[in-house]
Amino acid sequence: MKPRTVLVTGSSGLIGSEAVEYFDRQGCRVIGVDNNMRRVFFGAAGDTTWNLERLKRATRRFTPENLDIRDRAAMDALFRANRFDLVVHCAAQPSHDKAREIPILDFEVNALGTLNLLEATRQHSPDAVFVLMSTNKVYGDAPNELPLRELATRYDYARPEDAEGIAETCRIDQTLHSLFGASKAAADILAQEYGRYFGMKVGIFRGGCLTGPSHSGVELHGFLSYLVKVAMTGGTYTVFGYKGKQVRDNIHSHDVVRAIDEFAANPRPGEVYNLGGGRANSISILEAIAWVESLTGKKLAWKHVGEPRRGDHICYISDLRKLQRHYPNWRVTFGLGEILKQIVESQAEQLQASRAVPASPA
Ligand SMILES: NC(=O)c1ccc[n+]([C@@H]2O[C@H](COP(=O)([O-])OP(=O)(O)OC[C@H]3O[C@@H](n4cnc5c(N)ncnc54)[C@H](O)[C@@H]3O)[C@@H](O)[C@H]2O)c1
């Protein structure tokens, strides 16, 4: 059988790189698109070159392309040259807070870039499965309307009927999204339309906190990865508002890609799924700090500023029941302990590599 050809955008990022390795391991031909724009957004700390180099060593049939998804002609040429069976779209400006400084760039990458890819798929690979990585920020701050109770180290939902978390039925309009949430909502709705209107095999995953060892964590994006980085390099971590009791559900990048693969095997056009670690993998910032301190054996210097990030979720847990109902073979396989252990190991390796003195030329 001819191997599948897979396009991964954002292939040097957290989810993209996991997808590249996963599909390469399955014997697929994988083409990656990434122009290291994470460095443009977040500076040197966001540079993903280390991950690209790691991927080149770890894969067999991976071709990286230094292309920009905003460049419609380049996307068109890429799709003319290759017939894709699967498109995993992970390239993005991923930060809620960063978008306010770069509204046009944020929209061009997140919304227009997605439209370029959807349309190129429709024109040249209409039978391909297309997966968009969307975000729980499409719900804006509507999840904050649920009644909460305050516990010693975290907030939680007050009513038993909310215990499983936020479902896909949460409304997406008339809430405060941030510009990032708005550009991602535009992409999310466009992708749904390519599924519903054109009948293409498009699926949308609205991520909670996606995490794993391949994140180039920075203050504005990559909660656990950045927390571990600060703990290990000795900076000061800033907690914004809600007394550090705000809760996130964390999912390992491998479990994200497993969900994408399940969808690809049995696509449901235009369907939307919440995708996070669920209640078992939920953690507050205070709890995460304590856990990281015990894992690294280092005391984390942190400070609290009273003002929360605008539109920040107070307690967000992804309701995974729809995804599990449609794809019973999928489940969360990495618990928080294993996730944190892997992030600590990866940060230690990166630190070691950055300290290594390059050999002088002969
Ligand atoms: N990490 C999370 O917690 C999280 C949560 C919810 C949703 N998501 C979504 O999942 C997807 C993947 O997130 P991630 O954490 O892997 O992000 P990431 O920043 O690690 O990876 C994104 C990659 O896209 C690349 N990129 C950005 N703009 C580009 C462009 N114009 N052309 C080509 N490449 C470009 C970047 O260089 C980067 O390597 C994004 O759509 C993000 O919004 C992430």
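The values are calculated or read from the model by the stated rules, or taken from the named source; none is laboratory data. Keep in mind the model is a prediction, meaning the values are calculated, not measured. Using ideal geometry, Cβ is built from the backbone for each residue, glycine included, and neighbour counts are taken over all protein chains shown. For accessibility, only protein heavy atoms count, side chains too; no ligands or nucleic acids. Shrake-Rupley method; radii C 1.70, N 1.55, O 1.52, S 1.80 Å.
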* Asked: Roughly how many nanometres apart are two label points built 7 Å out from the Cα toward the Cβ at ARG25 and LYS299?
  -> 4.0
* Descending Cα extents along the principal axes, the chain, whole Å -> 64, 55, 40
* **Rounded accessible area of ILE69 (nearest 10 Å², 1.4 Å probe)** => 10
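With a 1.4 Å probe and every protein chain kept in, tell me what percent of the accessible surface of the stretch 276-362 is carbon plus sulfur.
Carbon with sulfur: 54 percent of the solvent-accessible area.
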* Asked: Where both partners of a DSSP beta bridge lie in the stretch 6-159, what percent of those bridges are antiparallel, to the nearest 5?
  -> 15
* To do: Determine how large the accessible area of TRP291 is when every protein chain is in place; take a 1.4 Å probe and give Å² rounded to the nearest 10.
  => 100
* Placed amide H near ARG206: partners under 5 Å, 5+ positions off or other chain -> SER134, TYR273, ASN274, LEU275
* Name the most mobile residue of HIS221, HIS252, HIS304, meaning the one with the largest mean-square fluctuation, in a Gaussian network model of the chain with Cα contacts below 10 Å. => HIS304
* Express as a percent, rounded to the nearest 5, the fraction of DSSP beta bridges in the stretch 214-330 (both residues included) that run antiparallel. => 40
* **In nm, spacing of pseudo-spin labels at ARG355 and VAL40 (7 Å Cα→C-beta vector)** => 3.4
* Return the single residue from PRO94, PRO213, PRO308 with maximal mean-square fluctuation; model: Gaussian network over the chain, springs between Cα atoms under 10 Å. => PRO308
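Based on DSSP, what percent of beta bridges with both residues in the chain are antiparallel, to the nearest 5?
In the chain, DSSP labels about 15 percent of beta bridges as antiparallel.
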* To do: Treating only the Cβ atoms of Lys and Arg (+1) and Asp and Glu (-1) as charged, compute the dipole magnitude of the chain about its Cα centre; round to the nearest 20 debye.
  => 560
* Distance between Cα centroids, the stretch 269-309 to the stretch 1-56: provide it in whole Å. => 25
* Taking all protein chains together and a probe of 1.4 Å, list ARG154, ARG196 from the most accessible to the least accessible. => ARG196, ARG154
* Going toward the positive end of the dipole of the stretch 81-189, with +1 on Lys and Arg Cβ and -1 on Asp and Glu Cβ, which of PHE107, GLY181, ILE166 do you reach last? -> PHE107
* **Within the stretch 51-101, GluC sites (Glu not before Pro) in DSSP loop having at most 14 other beta-carbon neighbours inside 10 Å** => GLU101
* At a 1.4 Å probe, what is the % contribution of carbon and sulfur to the accessible area of the stretch 116-261? -> 52
* Asked: So, with +1 on the Cβ of K and R and -1 on the Cβ of D and E, and no other charges, what is the size of the charge dipole of the stretch 86-243 about its Cα centre, to the nearest 20 debye?
  -> 240
* Which value, in Å², gives the accessible area per residue of the chain when a 1.4 Å probe is used on the protein heavy atoms? -> 43
* **Within the chain, helix-based [θ] at 222 nm, where runs of 4 or more DSSP H residues each add -39,500 (n - 2.57), nearest 500** => -11500 deg cm²/dmol
* Residue order for MET37, MET75 - accessible surface, 1.4 angstrom probe, largest first -> MET37, MET75
* If each of ALA58 and THR233 carries a label point 7 Å out from its Cα toward its Cβ, how far apart are those two points in nm? -> 2.0
* With the chain treated as a Gaussian network of Cα nodes joined by springs under 10 Å, which of LEU86, LEU118, LEU55 yields the largest mean-square fluctuation? -> LEU55
